[in-house]
Amino acid sequence: MRIDIDNLRVAYGETVAIDSLSLRLDTGKIYGLLGRNGAGKTSLLSVLAGFRRHSGGTVLADDSPIFENWLTTREISLIRDAGETVNLGTVEDALYFAEDLRPRWDAAYAQELIDLFKLDRKKNVKSMSKGQRSAVGVVVGLASRAPLTMFDESYLGMDAPSRQAFYDALLADFMAHPRTIILSTHLIEEVSSLFEEVVIIDKGRLVVHSPADELLAMGSAVTGPVEQVEEFTRDLTVLGSKQLGPTRSVMVYGPLDHAEARKAGLETGPIAMQELFIHLTGGPAS
Ligand SMILES: Nc1ncnc2c1ncn2[C@@H]1O[C@H](COP(=O)(O)OP(=O)(O)OP(=O)(O)O)[C@@H](O)[C@H]1O
């Protein structure tokens, strides 16, 4: 599903959660949606899911409006944190409800995922642990095979092995059934290898929309003897540094002449997406 967002505004009374946001998302890509707390991620995803009416601009899914458009919203799945969208009745009820709602529901795949996450179909979702509830959300989100599938931190409650199982299942199912997937997350390093493109928003505005590899290419670590590193990075945008004895490693943002660095006896290497994210969204929280 292709999404065209033009000049989007989402406001709650005086609070503007999304402002002048224009963005195009293509079919068949996994997007990472990153932003600090309160940046507007959930507001944006709620509008894309048709849960909320936007205050201005246009949002189209395959050229159709989303809000109050049942034919389009049944093809869009948003799973929010701790599986809150599937909190009624038993796991079985949640699956039954999803099957009824989702035209591309795959019951056999849902059962595979139920087995993978060791969920009890007869158990009441409300009486489950946070991680188990998250897993129910993940099952519903993946087995819906919705052309636009969004996970809003919905796997946060899951433990590390379960999260890894989710990432593996998501990638395998995406390869077999390509669709537009948006993952909103604060666990950037854990998920970043899945992203084909990254969207960063800050204070309701778009900061970056870039292929993940191009974003990563904007950051480098320059390592070597203290004086040479300082000399080489003097006019560059420095994100941070660390020193071990006589060796200094400096993270820089922006184009870097790697050959020139090597000529100066320095080593260069990649830096983590999280470091770029912190830089692009105004540094660590004060
Ligand atoms: N129902 C609401 N009523 C009033 N203000 C709201 C409401 N929901 C969100 N906001 C405000 O809108 C802004 C964006 O919130 P949103 O939940 O979209 O951010 P987020 O990026 O998802 O944050 P987080 O990472 O903390 O979940 C915040 O300032 C928030 O206080």
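The values are calculated or read from the model by the stated rules, or taken from the named source; none is laboratory data. Predicted, not measured: the structure shown is a model, and the values here were computed from it. Glycine gets a Cβ as well: all are built from the backbone with ideal geometry, and neighbour counts include every protein chain shown.
Quick notes on this one:
- Here Phe97 clears all of (1) within 12 Å of the ligand (Cβ to nearest atom); (2) of a type in the set (Phe, Trp, Tyr); (3) under 30 Å from Met128 (Cα atoms) except the condition numbered (1).
- Residue match in segment 129-146 (condition: over 25 Å from Lys41 (Cα atoms), in a helix (DSSP H, G or I) and modelled with pLDDT under 95): no
Table: residues versus (1) surrounded by fewer than 20 Cβ atoms within 10 Å (Cβ to Cβ); (2) within 16 Å of the ligand (Cβ to nearest atom).
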residue: Asp173; (1), (2): no, no
residue: Ile181; (1), (2): no, no
residue: Ser193; (1), (2): yes, no
residue: Ile201; (1), (2): no, yes
residue: Gly204; (1), (2): no, yes
residue: Ser210; (1), (2): yes, no
residue: Ser220; (1), (2): no, no
residue: Pro225; (1), (2): yes, no
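- Helices (runs of 4 or more DSSP H) fully within segment 179-260 that include at least 1 residues being more than 13 Å from the chain's Cα centre (by Cα) and among the hydroxyl-bearing types (Ser, Thr, Tyr): 226-233.
- If you filter segment 11-22 down to residues that are in contact (Cβ under 8 Å) with a residue 60 or more places away in the chain and out of contact with any Asp or Glu (no Cβ under 8 Å at 6 or more places or on another chain), you find that the one that is farthest from the ligand (Cβ to nearest atom) is Ser20.
- Counted residues, segment 118-168 - those being polar (S, T, N, Q), surrounded by 14 or more Cβ atoms within 10 Å (Cβ to Cβ), more than 16 Å from the ligand (Cβ to nearest atom) and under 18 Å from the mean Cα position of the chain (by Cα): 2
- Complete set of residues in segment 59-79 that are touching a helix residue (DSSP H, G or I) at 6+ places or on another chain (Cβ under 8 Å) and free of Cβ contacts under 8 Å to residues at least 24 places away in the same chain: Ser64, Pro65, Ile66, Phe67
- Annotation note: of Ser144, Ser129, Ser154, the sole residue that is of a type outside the set (A, V, I, L, M, F, W, C) and within 12 Å of Ala94 (Cα to Cα) is Ser144.
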